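Each remark here refers to the structure printed beneath this line.
The values are calculated or read from the model by the stated rules, or taken from the named source; none is laboratory data. Computed from a prediction, not measured in an experiment: that's the story for all the values here. Virtual Cβ from ideal backbone geometry, glycine too; neighbours counted across all protein chains shown.
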Amino acid sequence: MGEPGTKELLSLEELNAAVGLRTGRKHVLSILVENKAGVLTRIAGLFARRGFNIETLTVGPTEDAEVSRVTLTVDGAVHPIDQVTKQLHKLVNVIKIRDLEPTGTVQRQLALFKVAAEGGARSELLELCRVFRGHVVDVTRRSVVVEISGSDDKIEAFEQVVRPYGLIEMMRTGEIAMSRGRGET
Amino acid sequence: MRAVDAVMECLKAEGVDVVFGLPGGANLPTYDAFYDAGIRHVLVRHEAGGGHAAEGYAKATGRVGVAFATSGPGATNLVTPITDAMMDSVPVVFVTGQVRTELLGTDGFQEADTIGITMPVVKHSYLIQHPLELPRVIHEAFHIARTGRPGPVLIDIPQDLSRADIPYEPCTEVTLPGYQPTIEGNHKQIRQAAKALAASRRPVIYAGGGVINANAAAELTELATADRFPVTCTLMGLGGFPAANPQWLGMLGMHGTRAANYAMDGADLICAIGARFDDRITGKLSEFAPHAKFIHIDIDPAEISKNVPAHIPIVGDAKRILPKLQSEYRALAADEARLDEWWKQIDAWREEYPLRYEDSSDSEIKPQFLIEALYEATGGEAIIVSDVGQHQMWTAQYYGFNRPRQWINSGGLGTMGFGLPAAMGAQVGCPDQLVCAISGDGSIQMNIQELATCAQNEIPVKVFIMNNGYLGMVRQWQELFWDHRYSHVDTGSFPDFVKLADAYGATGLRFEDKTSLVEDIRAAIATPGPVLVDVRVTREENTYPMIAPGHAARDMVG
């Protein structure tokens, strides 16, 4: 029997209020997994079932060929992130999970921006690129492609300043994060 | 040797004595290996029946159940038993055939993405990609299924790989870096728990199916009787504490006793052991056990503080933790008299609100009376397997279970059709015991084909259908919460179960008179082979008492 067993109508507002809550605190989870088929699906499926929205996701090899690292950022929901990390631990192929503190870690993502660049705009763009320590990786008569790496904030700031020039396309990877200091992440 | 022959060797090394299954195209090589493997195989009539039979076997024996099916529809028919095993933490290894590797992903005949479909409902699963993996994977699967919090593990074997010629060397050692269940409880936490128990004035022990899975029933009784701790069990935990013990409060939850539910409501300390604070236990969560602190002992850390925050969490195996907790508790020499007031209150509840029903004044059989009669006819000793619905709740209430693994049912998923095949599996696992299935006229039809399996293999289960001509639990909810609008719940008492039993090669009986019921049940039990009894009971009887959905335990009705 579904709950609750009453026959009262449930308003859409009530329903939305019940599912729409987010705390807004961003979590960066760094997960070491066995490098086996289907592991990513298991992780992604678990997040979906528990009602967590994955914002960014990066998967890549590590110094050990049999182990991969999944780094993902999620918005903490009404339910504590604790429940998701415990459920993740139950996946047989998951070896280790860290919920990284933003202050104790170095975080990077990579972004590519294709921006319209004709006439005087071009030199302004090149100057902005220098300020943001980006690289111009492609130049044509009408556009440039700029590569920027850094934190979320930096990439968003760059996006803001180049948007007025005519942002043709933007691509961003997910975040990777490494703990500061000698210890392993 | 062929990979499938290696699979058979691995099964034998794991001590598998029976497999429930159904062959098909993609597992033809596997079935060829069964031909002379020397492992008993019970041919079921539907894969779901095979899956539930493996569950029943596992629940009755404590060993890992095994079910085989072919690819595509064979595998999708297993989805319900796999989910059921996941919800109730039943150790079962499912082995499915898959299309040849060259056909994978091409929508080949009888191809289904079995791994994808079952991913959310397995403890773990494997798609075999190389035949050399097979022996290791089989042993890993059994290890994962039976250890930690038990659960279903699925192995999907493409047809061509199962025919491969591989070198086979016995090796049962398992290395799983990401899978290391915590067994021993933290000693400091155990000492804290003992202190909390000693300080409590209104304690309750709340035990779930985890106690049965951990084989910790004796340890639970020893802990409870180290003082006069009142004990209640969930639907899944019944038999984990003897119903005959004076400290037994009865079942907890939606259809539990008032004494058990009121005790939780009034408790100052609740010691949860292998239980998960399911919504059928807590009722309205915000009003659940408002005065209590919680000790929570569970082997699965994800259960701790999932629904109710635990003050003293202890992760580990109940069988290891309970004796330590007991000796720590005894060492504190708590004052026994502190529980006098609490027991006075509990006894008052027990006296005022015993389980009760209004018996018929004529020969009509009340469903509760049927269960009492069954208890009498079996001396309370049978393994009782239930289906899902009102009959399940009445059986849980009125058959006093005194030992673990005596009560087998589908609790978490609530799978109608579980009963008959699970009883069949339990009977195969426990050939020397009496196995009785209680079903409803709705549930029984959902896997009745397994009566043929029972007849063919002389599996002598005794099935009692509580026939009220309704999908009774749904009817009850429609009566109580939906203004008596009975929408599509009348089954019209079809089919004729006596004739049907006969057609299947079983004995069919019909009981309609309560005056001779105990004798009639004894006669049915004495009849050799499988017996299906159509017991006509009161049509519109409700299961009481009840915590109405969304309400608190203290507001129980009926």
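In the set (1) hydroxyl-bearing (Ser, Thr, Tyr); (2) buried (at least 18 other Cβ atoms within 10 Å of the Cβ); (3) more than 30 Å from A:Ile31 (Cα to Cα); (4) within 14 Å of another protein chain (Cβ to nearest Cβ), the condition left unmet by B:Thr101 is number (2).
Residues in the stretch A:83-112 that are within 14 Å of chain B (Cβ to nearest Cβ) and part of a strand (DSSP E or B) were compared, and the one that is surrounded by the fewest Cβ atoms within 10 Å (Cβ to Cβ) is A:Lys96. Determine if the stretch B:113-136 includes at least one residue that is modelled with pLDDT of 95 or more, under 25 Å from B:Asp300 (Cβ atoms), within 14 Å of chain A (Cβ to nearest Cβ) and part of a loop (DSSP other than H, G, I, E, B). The answer is yes; a qualifying residue exists.
Listed conditions (1) out of contact with any Ser or Thr (no Cβ under 6 Å at 6 or more places or on another chain); (2) buried (at least 16 other Cβ atoms within 10 Å of the Cβ) are all met by A:Arg130, apart from (2).
Starting from residues that are closer than 18 Å to B:Ser443 by Cα and within 12 Å of another protein chain (Cβ to nearest Cβ), keep the ones in the stretch B:473-492 and report whichever is surrounded by the fewest Cβ atoms within 10 Å (Cβ to Cβ).
Here is the first cut: in the stretch B:473-492, the ones closer than 18 Å to B:Ser443 by Cα are B:473-477, B:487-492.
Now narrow it down to the ones that are within 12 Å of another protein chain (Cβ to nearest Cβ): B:473-477, B:487.
Values: B:Met473: 23, B:Val474: 18, B:Arg475: 25, B:Gln476: 22, B:Trp477: 18, B:Ser487: 9.
Selected residue: B:Ser487.
Counting the residues of the stretch A:50-75 that are within 12 Å of chain B (Cβ to nearest Cβ), out of contact with any helix residue (DSSP H, G or I) (no Cβ under 6 Å at 6 or more places or on another chain) and of a type in the set (D, E, K, R) gives 2.
Against the definition (of a type outside the set (Val, Ile, Thr), within 23 Å of B:His255 (Cα to Cα) and modelled with pLDDT of 95 or more), how does B:Arg522 come out, yes or no? No: the conditions fail for B:Arg522.
Can you say whether B:Gln397 is more than 26 Å from B:Val231 (Cβ to Cβ) and either touching a residue at least 40 places away in the same chain (Cβ under 8 Å) or not assigned by TED's automatic domain parsing to the domain that holds B:Arg40 (or both), as far as the supplied structure shows? So B:Gln397 does not fit the description; no.
Does the stretch B:403-418 hold any residues that are touching a helix residue (DSSP H, G or I) at 6+ places or on another chain (Cβ under 7 Å) and without any contact (Cβ under 8 Å) to a residue 60 or more places away in the chain, and which are they? Matches in the stretch B:403-418: B:Met416 only. So for the stretch B:263-271 (the condition being at negative phi, free of Cβ contacts under 8 Å to residues at least 40 places away in the same chain and either in contact with a Cys (Cβ under 7 Å, 6 or more places away or on another chain) or not in a loop (DSSP other than H, G, I, E, B) (or both)), does at least one residue qualify? No, that holds for no residue.
Determine if the stretch B:154-163 includes at least one residue that is among the charged types (D, E, K, R) and surrounded by fewer than 21 Cβ atoms within 10 Å (Cβ to Cβ). Yes, that holds for at least one residue.
In the stretch B:317-328, the count of residues that are within 30 Å of A:Val84 (Cβ to Cβ) and within 14 Å of another protein chain (Cβ to nearest Cβ) is zero. Would you confirm, using the coordinates I've provided, whether B:Ser286 is assigned to a loop (DSSP other than H, G, I, E, B), of a type in the set (S, T, N, Q), within 14 Å of chain A (Cβ to nearest Cβ) and surrounded by fewer than 24 Cβ atoms within 10 Å (Cβ to Cβ)? It is false that B:Ser286 is assigned to a loop (DSSP other than H, G, I, E, B), of a type in the set (S, T, N, Q), within 14 Å of chain A (Cβ to nearest Cβ) and surrounded by fewer than 24 Cβ atoms within 10 Å (Cβ to Cβ).
Would it be correct to say that B:Ile525 is away from chain A (no Cβ under 14 Å) and assigned to a helix (DSSP H, G or I)?
Values: away from chain A (no Cβ under 14 Å): yes; assigned to a helix (DSSP H, G or I): yes.
In short, yes.
B:Ala37: in a helix (DSSP H, G or I) and more than 27 Å from the chain's Cα centre (by Cα), yes or no? When the stated conditions are applied, B:Ala37 does not pass them.
Being under 22 Å from B:Gly148 (Cβ atoms), in a loop (DSSP other than H, G, I, E, B) and in the same structural domain as B:Gly15 (by TED's automatic domain parsing) is a property that B:Val95 lacks.
The residues of the stretch B:542-558 that are buried (at least 21 other Cβ atoms within 10 Å of the Cβ) and either part of a loop (DSSP other than H, G, I, E, B) or within 14 Å of chain A (Cβ to nearest Cβ) (or both), listed by number, are B:Thr543, B:Ile547, B:Met556. Scanning the stretch B:493-533 for residues that are among the β-branched types (Val, Ile, Thr) and within 19 Å of B:Ala455 (Cα to Cα), which turns out surrounded by the most Cβ atoms within 10 Å (Cβ to Cβ)? My answer is B:Val533.
Within the group B:Ala259, B:Ala275, which residue is closer than 27 Å to B:Ala145 by Cα and buried (at least 24 other Cβ atoms within 10 Å of the Cβ)?
Values: B:Ala259 fails: closer than 27 Å to B:Ala145 by Cα.
Exactly one residue qualifies, and that residue is B:Ala275.
If I ask for residues that are under 22 Å from A:Thr58 (Cα atoms) and β-branched (Val, Ile, Thr), which ones from the stretch A:107-165 would you list? Within the stretch A:107-165, A:Val146, A:Ile148, A:Ile155 qualify.
Does any residue of the stretch B:225-241 turn out to be of a type in the set (A, V, I, L, M, F, W, C) and touching an Asp or Glu at 6+ places or on another chain (Cβ under 8 Å)?
In the first step, residues of the stretch B:225-241 are kept if they are of a type in the set (A, V, I, L, M, F, W, C); the result is B:226, B:229, B:231, B:233, B:235-236, B:238, B:241.
Pick out the ones that are also touching an Asp or Glu at 6+ places or on another chain (Cβ under 8 Å) and you get B:236.
Checking the stretch B:225-241: at least one residue is of a type in the set (A, V, I, L, M, F, W, C) and touching an Asp or Glu at 6+ places or on another chain (Cβ under 8 Å).
If you check B:Ala526, B:Ala503, which single one turns out to be hydrophobic (A, V, I, L, M, F, W, C) and either farther than 22 Å from B:Leu434 by Cβ or in contact with a Leu (Cβ under 7 Å, 6 or more places away or on another chain) (or both)?
On the way: B:Ala526 fails: either farther than 22 Å from B:Leu434 by Cβ or in contact with a Leu (Cβ under 7 Å, 6 or more places away or on another chain) (or both).
Only one candidate qualifies: B:Ala503.
Would you check if B:Thr83 is surrounded by fewer than 23 Cβ atoms within 10 Å (Cβ to Cβ), within 14 Å of another protein chain (Cβ to nearest Cβ), polar (S, T, N, Q) and closer than 29 Å to B:Gly208 by Cα? Working first, answer last.
Numbers: surrounded by fewer than 23 Cβ atoms within 10 Å (Cβ to Cβ): yes; within 14 Å of another protein chain (Cβ to nearest Cβ): yes; polar (S, T, N, Q): yes; closer than 29 Å to B:Gly208 by Cα: yes.
So B:Thr83 passes the test.
Of all the criteria given as (1) under 20 Å from B:Gly417 (Cα atoms); (2) part of a helix (DSSP H, G or I), the one not satisfied by B:Met466 is (2).
Going by the conditions given, is B:Lys499 under 27 Å from the mean Cα position of the chain (by Cα), of a type in the set (D, E, K, R) and either at negative phi or more than 14 Å from chain A (Cβ to nearest Cβ) (or both)?
Values: under 27 Å from the mean Cα position of the chain (by Cα): no; of a type in the set (D, E, K, R): yes; either at negative phi or more than 14 Å from chain A (Cβ to nearest Cβ) (or both): yes.
Judged against the criteria, B:Lys499 is not a match.
Residues to consider are A:Ile31, A:Ile43; find the one that is part of a helix (DSSP H, G or I), more than 13 Å from the chain's Cα centre (by Cα), outside the structural domain of A:Met171 (by TED's automatic domain parsing) and among the aliphatic types (A, V, I, L, M). Walk me through how you get there before you give the answer.
Values: A:Ile31 fails: part of a helix (DSSP H, G or I).
After ruling out the rest, the residue left standing is A:Ile43.
Within the stretch B:442-455, the set of residues being buried (at least 24 other Cβ atoms within 10 Å of the Cβ) and either of a type in the set (Asp, Glu) or touching a His at 6+ places or on another chain (Cβ under 9 Å) (or both) comprises B:Ser443, B:Asn447, B:Glu450.
Residue count for the stretch B:410-441, restricted to those that are in a loop (DSSP other than H, G, I, E, B), of a type in the set (S, T, N, Q) and buried (at least 24 other Cβ atoms within 10 Å of the Cβ): 2.
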